[in-house]
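Have a look at the structure below, then the notes.
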Amino acid sequence: MAKERAQTHDYAGPLRRLLLIVVCAMLLALFLFWRIDSPRVEQFRAKVVDRIVPNMDWAMTPVTGLVNLARDFKSYRRLAEQNQELRSELRQMQAWKEAALQLEQENARLLDLNNVRLDPRLTFITGVVMADAGSPFRQSVLLNVGTRDGIVDGWATMDGIGLVGRISGTGRNSSRVLLITDAASVIPAIIQPSGQKALVAGDNTAAPVIDFLENRDLVRPNDRVVTTGDGKVFPAGLLIGHVVEDRSGNLRVRPSADLSRLEYLRILRHHGTEAITDPGGVVAPEAPVAPLPGDGAETDAPETGPQASAGDG
Amino acid sequence: MEPISPGRIWSRRAIYVCVALVILFTQLLPLDTAPRGWAAPDMLLCVTLAWSIRWPRYVPMLLVAGVALIADLLLQRPPGLMALLVVIASEYLKNHATGPNQAGLTVEWITVSLVMGAIFLAYRLVLGILGIGQAQVSLMLTQIVGTMLVYPLVAVLSRLALGAPAPIGGDPDGRGGRA
């Protein structure tokens, strides 16, 4: 023992310094490599996360459940006032429900009249949230479904109501959802009813910013913000949220999805929007021309072809 | 005080890894997925620096590097940068700083706070130079200040858990080479 220690004492200084330099150089190299070739390192990261986090799942689920239980328990103390609030909300809800039912019936009638078929290829996979980003500077969650379940990068993720984010990074048993509030998230959107196009860009706050708006004057708070199919990543028409104006006068989106407590998420299978490539031939009565996917109306504006087709979906 | 048995050292190293995993675990719990206006203190950094200055032999450089790299990968940070800064800071504290045996807790606290400030500044600077998007300054500031404030607590708690720190003069490796 004593001998060993004496020996390490002799070598220790230079060896340790060398080791330190080597380790630092390796870490720096990894960082620079990430900066240059981010996708490959991110794939490696997804693999590491895929190995580690699902192993923690057995402990994470009960702990999360317990903490949420404790939080709910705390709110019991405000039970009376909460009851009051709920009652008044319920009254409002009933009014809305009435309106919604009428609208639903009307919608069904109109759909029937138009003989519309909603996209049958738009199905979803449900995943459970296993972990979050773990850092206050990134907004993402980890789901318990991965390439094993056929998840593909870029697919849209929703909770029951609104868009939550998109798949960004898949492992075998896990996939990461980049939330719309993350600073790296930018989504092409259209604001209804004015039809203004804009980008919804996350900035690490609860309400993403509306950017690159064509005409601000046409947009009012409480307008609906839905996705366009532009960029061919998302299907069109998914609800993102409603427009709000913050204190400094910027327009933001208040997400419809409840981002504070994400539990079960739907991942929409998306097989890409079809683009119209040819301008369309002459419609002659007898010649056996192959039928176009749309009808004549779409061939009138060939220059807006892809967008028009995306808007239909 | 000098001869610390290898078994004791390795058990403490294992404890370090466990503490790090528990911290990462709690950070990954999906309790609050909405963005907040403040950031919790970086406990892993705090524990690593406290142990580096007080029990340098329990946190060898390779272990610190490994843990920090795993944290980088799990927490969606740019991989390697924070790990590099933490390793450098930890080695600096092991070799140069005045530990609790030579000065009081206050001096130690100030030293560690300065080192933490340097880490965060360097981190932002490098990310800024390389044009990598980063979080708001206010969010990072709350984290730095929180980490600095929570340091004495971590130091006292680790002292309760690990016993008195080994005297730095009796530390057989490291000091001679660097100074």
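Residues in region A:165-197 that are free of Cβ contacts under 8 Å to residues at least 40 places away in the same chain and among the basic types (Lys, Arg): how many?
1
Being buried (at least 23 other Cβ atoms within 10 Å of the Cβ) and of a type in the set (D, E, K, R) is the filter here, so list the residues in region B:24-53 that pass it.
B:Asp42
I need a count of the residues in region A:170-186 that are at the interface with chain B (Cβ under 10 Å from one of its Cβ atoms), of a type outside the set (Gly, Ala, Ser) and either farther than 24 Å from A:Met56 by Cα or open to solvent by 10 Å² or more (accessible area, probe 1.4 Å) (or both).
Of the residues in that region, 4 qualify.
Within region B:49-63, which residues are outside any helix (DSSP H, G or I) and either away from chain A (no Cβ under 11 Å) or within 30 Å of A:Leu69 (Cβ to Cβ) (or both)? Break it down into steps so the answer makes sense when it comes.
Going residue by residue through region B:49-63, those that are outside any helix (DSSP H, G or I) are B:55, B:59-60.
Answer for region B:49-63, where residues must be outside any helix (DSSP H, G or I) and either away from chain A (no Cβ under 11 Å) or within 30 Å of A:Leu69 (Cβ to Cβ) (or both): B:Trp55, B:Val59.
Here is a yes/no grid of residues against (1) more than 10 Å from chain A (Cβ to nearest Cβ); (2) modelled with pLDDT under 90; (3) in a helix (DSSP H, G or I):
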position	(1), (2), (3)
B:Pro30	no, yes, no
B:Ala34	no, yes, no
B:Gly37	no, yes, no
B:Ala40	no, yes, no
B:Val47	yes, no, yes
B:Ala65	no, no, yes
B:Ala68	no, no, yes
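From the residues in region B:105-140 that are within 21 Å of B:Pro79 (Cα to Cα) and open to solvent by 70 Å² or more (accessible area, probe 1.4 Å), which one is farthest from the other protein chains (Cβ to nearest Cβ)?
So in region B:105-140, the residues within 21 Å of B:Pro79 (Cα to Cα) come out as B:115-137, B:139-140.
Add one more test, that the residue is open to solvent by 70 Å² or more (accessible area, probe 1.4 Å), and what stays is B:121, B:125, B:129, B:133, B:137.
Numbers: B:Leu121: 16, B:Leu125: 14, B:Ile129: 11, B:Gly133: 5, B:Val137: 11 Å.
The selected residue is B:Leu121.
This table checks each residue for (1) within 14 Å of chain B (Cβ to nearest Cβ); (2) more than 16 Å from the chain's Cα centre (by Cα).
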position: A:Ile161; (1), (2): no, no
position: A:Ser168; (1), (2): yes, no
position: A:Pro193; (1), (2): no, yes
position: A:Arg224; (1), (2): no, yes
position: A:Thr228; (1), (2): no, no
position: A:Asp246; (1), (2): yes, yes
position: A:Arg254; (1), (2): yes, no
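Can you go through A:Val200, A:Val244, A:Val226 and tell me which one is within 19 Å of B:Gly133 (Cβ to Cβ), in contact (Cβ under 8 Å) with a residue 24 or more places away in the chain and either in contact with a Leu (Cβ under 6 Å, 6 or more places away or on another chain) or not in a loop (DSSP other than H, G, I, E, B) (or both)? So that I can check it myself, show each step before the final result.
On the way: A:Val244 fails: within 19 Å of B:Gly133 (Cβ to Cβ); A:Val226 fails: within 19 Å of B:Gly133 (Cβ to Cβ).
On inspection, the qualifying residue turns out to be A:Val200.
Picking from A:Ala80, A:Ala108, A:Ala100, which residue would you name as being loosely packed, with under 10 Cβ neighbours inside 10 Å and assigned to a helix (DSSP H, G or I)? Step through it out loud before you land on a result.
Details: A:Ala108 fails: loosely packed, with under 10 Cβ neighbours inside 10 Å; A:Ala100 fails: loosely packed, with under 10 Cβ neighbours inside 10 Å.
Just one listed residue meets the conditions, A:Ala80.
Using the structure shown, decide if B:Arg57 is at pLDDT below 90 and surrounded by fewer than 19 Cβ atoms within 10 Å (Cβ to Cβ). It would help to see each step written out before you state the result.
Values: at pLDDT below 90: yes; surrounded by fewer than 19 Cβ atoms within 10 Å (Cβ to Cβ): yes.
When the stated conditions are applied, B:Arg57 passes them.
The values are calculated or read from the model by the stated rules, or taken from the named source; none is laboratory data. Computed from a prediction, not measured in an experiment: that's the story for all the values here. When we count neighbours, we look across all protein chains shown, and the Cβ atoms used for this are built from the backbone with ideal geometry, even at glycine. The protein model used for the area step is the full one, side chains on, heavy atoms only, and it has no ligands, DNA or RNA in it. Shrake-Rupley method; radii C 1.70, N 1.55, O 1.52, S 1.80 Å.
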